[in-house]
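Below is one structure, written out as structure tokens; the observations come after it.
The values are calculated or read from the model by the stated rules, or taken from the named source; none is laboratory data. What you see is a predicted model, and the numbers here were worked out from it, not measured in a lab. Don't worry about glycine lacking a Cβ; one is built from the backbone with ideal geometry, like all the others, and counts go over all protein chains shown. Note: accessible area is taken over every heavy atom of the protein model, side chains too, but ligands, DNA and RNA are not part of it. Shrake-Rupley method; radii C 1.70, N 1.55, O 1.52, S 1.80 Å.
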Amino acid sequence: MMAVAAWRVWLKRTEPGATLTLRLWFVQLGLNLLWSVLFFGLRRPDLALLEIVLLWSVLAVLQFRLARFDRPAALPLGTVSRLGLLRDVPQLHPLAAQLTRPCFSSMKFEHFALNVPDPRALAAWYVRHAGWQIARAQLEAPYKHFLADESGRVTLEIYHNPAAAVPDFAAAHPLCFHVALYSLDARADCARFLAAGATHFLDEPQPDGSLLIMLRDPWGIPLQLCQRAQPFPGF
């Protein structure tokens, strides 16, 4: 139907205004093609939305000129424009959501690893005093131990590998890194850890009623007890 509109204008190409009208017809044709490139090719629904506003503006001008130049030619173009509007708008949002969705599966956190002086002793300490479990262990050097919480999720890998220096955990500020444990009673858990050889570093009461207590385990690794007023999902 759009070709019919262009054909009727072409038949009157010698009349005043025909050339400009034909140029507008080719412009809207190019904008139609550009929309598909932006939306499907480049996966940019934001640019495609701006482009379709421009396309509809050009179509409106073209429709006006056709109506004055050749009224029958304006009818097929107007029908296509309205049908295109009704077709594209409802599909734009779900298609945009689909196109902007990551093309890879969401990655889950597996573990955080530390090179420690004595992984076997450290693993035994966390099992005994934090209630963790050893999910996997290597009995020979570098003595890898994967520690998991009560849910079975692995959270921490510890090993002793001489290929890299063991960090001076006691000299590192807890803000550099720390192992955080969820606690229902941070002060009671703190007293229990202190009795087991941990050292106290800082109490941090929070405005929302949460209580964060920073400790160091017997190897100097920063250890935080988190008693939150609003626990994260899953706790």
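Restricting attention to the range 121-142, the residues that are out of contact with any strand residue (DSSP E or B) (no Cβ under 6 Å at 6 or more places or on another chain) and over 26 Å from A186 (Cβ atoms) total 4. Of everything in the range 103-140 that is within 35 Å of the chain's Cα centre (by Cα), open to solvent by 100 Å² or more (accessible area, probe 1.4 Å) and free of Cβ contacts under 8 Å to residues at least 40 places away in the same chain, the residue that is nearest to P218 (Cα to Cα) is R136. Scanning the range 158-199 for residues that are more than 11 Å from L223 (Cβ to Cβ), assigned to a strand (DSSP E or B) and either open to solvent by less than 30 Å² (accessible area, probe 1.4 Å) or out of contact with any Phe, Trp or Tyr (no Cβ under 7 Å at 6 or more places or on another chain) (or both) yields one hit, I158. Counting the residues of the range 200-233 that are in contact (Cβ under 8 Å) with a residue 60 or more places away in the chain and either loosely packed, with under 12 Cβ neighbours inside 10 Å or under 33 Å from the mean Cα position of the chain (by Cα) (or both) gives 1. Scanning the range 179-199 for residues that are among the polar types (S, T, N, Q) and more than 31 Å from the chain's Cα centre (by Cα) yields a total of 1. Selection within the range 34-86: residues that are on the phi < 0 side of the Ramachandran plot, at pLDDT 60 or above and not in a helix (DSSP H, G or I). The member of this set that is surrounded by the most Cβ atoms within 10 Å (Cβ to Cβ) is R44.
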